Amino acid sequence: MSVRALYQVKVRTAAELSAAVERLVANGRLTAGERLPTVRELASELGLSPTTVAASYRSLAQRGVVRADGRRGTSVAAGPPLPVAADRPLPAGVLDLRYGNPDGALLPPLRPHLRRLADATKTYGEPATLPALDAAACAQLQADGVPAERVVAVSGALDGVERVLLAWLRPGDRVAVEDPGFPRVFDVVAALGLTAVPVAVDARGPVPDALEAALASGVDACIVTPRAQNPTGAALDPARARRLRTLLHEHPDVLVVEDDHAGPVAGAPAQTLVSARRARWAVVRSVAKSLGPDLRVALLTGDTATLDRVEGRLRLGAGWVSHLLQRLVVDLWSDPAVAKQLTRATATYRARRNALVDALANHGIDVETPSGLNVWVPVPDEAAALRVLEDAGYGVAPGARFRLASPPAVRVTVAALPERDAPAVAKALAAARAPARNRTAPS
């Protein structure tokens, strides 16, 4: 058993033991899911005090290297946040459809707006969130049924999700997450020492029976993407949203976090699972997909206690999200030309998404993708599918990073995929799904 390597380390302090465990995980001598010795057992083997080993385990859990699971003990986390190799470059001439980026040609130009804001600065003592941004964001959210009375500006959707989890949860707490879902959500959950509980997803969002089972198992929080779900493109419809709200109503103490990362260009109407009556909730809406990823601005709303905790912790660290960026977002939102650009972007993404879905249907591959910038295509072998797609001139993302318990697939980002290329991508995907003995790269 590879855990024996842990008995051979020479350490004296909790910090040294933590570093040794992390090295063993990084070099593969301790593997994901492997059970670690009990505190007393390891303390006895290494000649340390149980207090020292317990402190090391707590530190490792807080950084997501290990997972504490009550009486079942401590095990190596499935995806600890350790350095990983960068994606290899694609060969010349291969169209990169891997990263979920919006099409730069469909983002509004920033230069005219930046000129108007050249002299805008913030000084200490001013509100962290620009009042004009607060008012505009609350109006947008309220129009979509979100009971927003105030927002806090954060540095992107994932920053908002992480800050909300930090505000309420502690290492060992359990979080219901979508499966397949966004890898960086999995990473944040692991890095905070939390336990991810997978919830199956279909085209209309979390499957009610799966969410019900997760809630019954005793989760402390639930993270849901209401539309443009990454990687599947799922979107809540009114009926599904009502069903999920009913389930969540039966668990009033569960923290509900909605990640509306695509916002107005998602291609589906906004639905929400929260209400002002819920004790702990948060909705974060980013401008990354609509106005540009580099703006690093998202608007977080929620119950008063959640917003107070997030804003208080923000003041201790970064202090605020740049008011220059906040003013830029307000200026962009106020421009009728930008509104027209967002409408055009939404329609273009829908057309590109539908072009690939329709082309796949012509090969007998039925995938339902009602929103977003990506299409999720089940395949029997992800590595083989990547090779076939690359040989055909297209680089796509392997599904493994997006999955916890769901079956293999690949993610195709369609944001910048020309509609004329959809048939060729679909043909390559069909070849990738064929039995291995019949599989040939499309000509």
**OP:** Mind telling me which of the residues SER56, SER44, SER18 ends up being part of a helix (DSSP H, G or I) and surrounded by fewer than 20 Cβ atoms within 10 Å (Cβ to Cβ)?
**Re:** SER44
Original post:
When the stretch 294-327 is examined, which residues are found to be at pLDDT 95 or above and over 13 Å from VAL154 (Cβ atoms)?
Top reply: ASP303, THR304, ALA305, ASP308
Original post:
What tally of residues in the stretch 40-56 results from selecting those that are within 37 Å of the chain's Cα centre (by Cα) and in contact (Cβ under 8 Å) with a residue 24 or more places away in the chain?
Top reply: 5
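Matching residues to (1) within 26 Å of GLY263 (Cα to Cα); (2) modelled with pLDDT of 95 or more; (3) touching a His at 6+ places or on another chain (Cβ under 9 Å):
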position: LEU356; (1), (2), (3): yes, yes, no
position: VAL367; (1), (2), (3): yes, yes, no
position: SER371; (1), (2), (3): yes, yes, no
position: VAL375; (1), (2), (3): yes, yes, no
position: ARG387; (1), (2), (3): no, no, no
position: THR413; (1), (2), (3): yes, yes, no
position: ASP421; (1), (2), (3): no, yes, no
position: VAL425; (1), (2), (3): no, yes, no
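Here is a yes/no grid of residues against (1) surrounded by fewer than 13 Cβ atoms within 10 Å (Cβ to Cβ); (2) among the basic types (Lys, Arg); (3) in contact with a strand residue (DSSP E or B) (Cβ under 8 Å, 6 or more places away or on another chain); (4) not in a loop (DSSP other than H, G, I, E, B):
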| site | (1), (2), (3), (4) |
| --- | --- |
| PRO112 | yes, no, no, yes |
| THR129 | no, no, yes, no |
| LEU133 | no, no, yes, yes |
| CYS138 | no, no, yes, yes |
**OP:** Collect the residues in the stretch 378-411 that are buried (at least 19 other Cβ atoms within 10 Å of the Cβ) and under 19 Å from ASN101 (Cβ atoms), keeping them in residue-number order.
**Re:** LEU386, LEU389, TYR394, GLY395, VAL396, ALA397, GLY399, PHE402, VAL410, ARG411
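Quick check: is even one residue across the stretch 413-424 at positive phi and either in contact with a strand residue (DSSP E or B) (Cβ under 7 Å, 6 or more places away or on another chain) or of a type outside the set (A, V, I, L, M, F, W, C) (or both)? Break it down stepwise before answering.
So the first thing to find is which residues in the stretch 413-424 are at positive phi, and the list is none.
Looking for residues that are at positive phi and either in contact with a strand residue (DSSP E or B) (Cβ under 7 Å, 6 or more places away or on another chain) or of a type outside the set (A, V, I, L, M, F, W, C) (or both), one finds none in the stretch 413-424, hence no.
Among GLY125, GLY145, GLY172, which is assigned to a loop (DSSP other than H, G, I, E, B), on the phi > 0 side of the Ramachandran plot and over 28 Å from the mean Cα position of the chain (by Cα)? I'd like the intermediate steps shown before the answer.
On the way: GLY145 fails: over 28 Å from the mean Cα position of the chain (by Cα); GLY172 fails: over 28 Å from the mean Cα position of the chain (by Cα).
Going through GLY125, GLY145, GLY172 in turn, just one is assigned to a loop (DSSP other than H, G, I, E, B), on the phi > 0 side of the Ramachandran plot and over 28 Å from the mean Cα position of the chain (by Cα): GLY125.
Within the group GLY218, GLY233, which residue is surrounded by fewer than 24 Cβ atoms within 10 Å (Cβ to Cβ), on the phi > 0 side of the Ramachandran plot and assigned to a loop (DSSP other than H, G, I, E, B)? Break it down stepwise before answering.
Numbers: GLY233 fails: surrounded by fewer than 24 Cβ atoms within 10 Å (Cβ to Cβ).
Only one candidate passes the filter, namely GLY218.
The values are calculated or read from the model by the stated rules, or taken from the named source; none is laboratory data. Remember, it's a predicted structure, so these values are computed and weren't measured experimentally. Glycine also receives a Cβ, built like all others from the backbone with ideal geometry; neighbour counts cover every protein chain displayed.
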